[in-house]
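Just dropping this structure here.
Coordinate-derived values only; no laboratory data. Because the structure is a prediction, the values reported are computed rather than measured. Please note: Cβ atoms are built from the backbone with ideal geometry, for glycine as well, and neighbour counts cover all protein chains shown.
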Amino acid sequence: MARLNSNYLKLKAGYLFPEINRRVKAFTDSNPDGAARLIRCGIGDVTEPLPDSVRKAMHAAVDEMGVRESFKGYGPEQGYEFLRQAIAENDYRARGIDIANDEIFVSDGSKCDCGNILDIFGHDNRVAVMDPVYPVYVDTNVMAGHTGEGDASGLYGGLVYLACTAENGFVPSVPQEKVDLVYLCYPNNPTGATATRAQLTAWVEYALANDAVVLFDAAYEAYIRDPEIPHSIYEIPGARKCAIEFRSFSKNGGFTGVRCAFTVVPKDLECSTGSGDRRPLHPLWNRRFSTKFNGVGYVTQRAAEALYSGEGRAQVSALIRHYMGNAEILVAAAKDCGLATFGGTNAPYIWVRGPEGLTSWEIFDTVLNKANVVVTPGSGFGPAGEGYFRISSFNSRKNVEEVAARLRALEW
Ligand SMILES: *Cc1c(COP(=O)(O)O)cnc(C)c1O
């Protein structure tokens, strides 16, 4: 009989969002008035429509595809030169960061890249993740067989969990022990925290000293407003030798439904072959791309390119201003409730510590039943999130103002 990959059976069955949906459905089925008032602030998906410059570029690209002379079939697996150039130039070289066009790999999403990257690493690495954590990093390691079984709180044997707490500003210090791969995500989902230059420098120095690789998820880079906070791990000296960076057009350009992202793999980044040799990772990732991927659609890549035009940048800024305006309103409301509130200043997520003694799911139920608002329970991202909840600022202004008013009126 054919054997399945039994690592999948260790997965905790995507517990968080199905459980949220189950509770919301139970509430709306039994409470039609509440159902009509329901506002969702739980999901990490953008709400505002695609920028005009993007739609124009897509229409033009579709027309090119309709003409024999400009029709495009398979493109380069790693991305068209026009987009790799726009990314490397605008996101990196214009900021004084040394990244070559062919170190950029254009993909259909950072979620995919964060999972696929494990293809080019061995199976005997010690892997560290943050707690609370974006579940993709953990689940893809479970699938690849890098962990033991999960326990009741959702922690897997074999992984090193780095607790992110109010005490450490939700940025873990480097561990005493040696790890080989570490996932860092800043600005962070779910805590909305950012990492300072000094904190990122400590991680880069740790990685260089331990021959470790930092997998840096910068999906929310566009939300950084504080000029002191690095936008890229490569702003830190030495990072070209120890870090891979994931970026996405999902949260800046509103591309969650269009699908385009990229990974940066510097040519200086080397890993051990297991027999003492060091070899660069770039050719492996390049080979993986050409073997298992056939590139992002031409129309989509032209859409992404448009985000770097003058008009595109102005429209992205307007989107970010909209969401961050929402964040300000939500932060103020959470503070008015007397709750300790984090994030929301350089990230679209607000991380709130609930009233003393309530679990994250108790908070979730209270906010759902009394305010008819869906938030995300912090414990769903890991045990260190217990007692917290996440509010997303991805919403219309009208909804956010209503949510703020209901939170202020809420009697816990
Ligand atoms: C939204 C998000 C991404 C982007 O994923 P895509 O697949 O590019 O849409 C990556 N990382 C984190 C932590 C996110 O929240």
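What FRET efficiency, computed as 1/(1 + (r/R0)^6) with R0 = 22 Å and r the Cβ-Cβ distance, is obtained for N168 and D119, rounded to the nearest 0.05?
Approximately 0.10, to the nearest 0.05.
Contour minus end-to-end for S30 and D102, with contour as 0.36 nm per residue of separation and end-to-end as the Cα-Cα distance?
Length gained between S30 and D102: 20.4 nm.
Taking the Cα centre of the range 148-239 as the origin, how large is its charge dipole in debye, to the nearest 20, when only Lys and Arg (+1) and Asp and Glu (-1) carry charge on their Cβ atoms?
160
For K25, which aspartates and glutamates qualify as cross-link partners when the Cα separation must be under 15 Å and same-chain residues fewer than eight apart are set aside?
D33, D365
List K335, K292 from most exposed to least, where exposure is judged by having the fewest other Cβ atoms within 10 Å.
Going from sparsest to densest Cβ surroundings: K292, K335.
How long is the gain from L208 to N399 if the chain were fully straight, where each residue apart is worth 0.36 nm and the alpha carbon distance is subtracted?
64.1 nm
Still on this structure: Give the lysines reachable from K335 as a straight Cα distance under 20 Å; neighbours fewer than 8 places away on the same chain don't count.
Straight-distance partners of K335: K370, K398.
Taking the Cα centre of the chain as origin, sum charge times position over the Cβ atoms of Lys and Arg (+1) and Asp and Glu (-1), and report the length of that vector in debye to the nearest 20.
660
Just want to confirm a number: the relative contact order over the range 293-412, from Cα pairs under 8 angstrom separated by 6+ residues, in percent.
26
Enumerate the calculated ³J(HN,Hα) couplings along the range 233-245 in order (Karplus 6.51 cos²θ - 1.76 cosθ + 1.60, θ = phi - 60°), each rounded to whole Hz, writing x wherever the residue is Gly or Pro.
After applying 6.51 cos²θ - 1.76 cosθ + 1.60, I find 5, 6, 6, 8, x, x, 5, 4, 8, 8, 9, 10, 10 Hz.
Can you tell me which of V171, V258, V331 moves the most in a GNM of the chain? Springs connect C-alpha atoms under 10 Å apart.
Looking only at V171, V258, V331, the largest GNM fluctuation is found for V258.
Quote the relative contact order of the range 327-385 in percent (integer), defining contacts as alpha-carbon pairs under 8 Å separated by 6+ residues.
In percent, rounded to a whole number, it is 21.
Let me ask something else. For the range 121-256, give the share of DSSP beta bridges that are antiparallel, in percent and rounded to the nearest 5; count only bridges with both residues there.
Once the DSSP bridges in the range 121-256 are tallied, antiparallel ones form about 5 percent.
Using a 7 Å offset from the Cα along the Cα-to-Cβ direction at both N21 and H59, what is the distance between the two label points in nm, to one decimal?
If labels sit at N21 and H59, their model points lie 3.5 nm apart.
First select every other residue whose beta carbon is under 15 angstrom from the beta carbon of L200; then total the charges, Lys and Arg +1, Asp and Glu -1.
Residues close to L200 contribute a combined charge of -3.
Further question on the same structure: Relative contact order for the chain using alpha-carbon pairs under 8 Å, separation at least 6, rounded to a whole percent?
23
Still on this structure, I have one more. Can you work out the Karplus-derived ³J(HN,Hα) for every residue in the range 332-343? Use 6.51 cos²θ - 1.76 cosθ + 1.60 with θ = phi - 60°, whole Hz, and x for glycine or proline.
4, 5, 5, 5, 4, 6, x, 9, 5, 10, 10, x
What pairs from K111/K251; K72/K111; K111/K267 go past 21 Å between their alpha carbons?
Listed pairs above 21 Å: K72/K111; K111/K267.
How would you rank 63-70, 141-148, highest first, on the average number of other Cβ atoms within 10 Å across their residues?
Most protected by this proxy first, the peptides run 141-148, 63-70.
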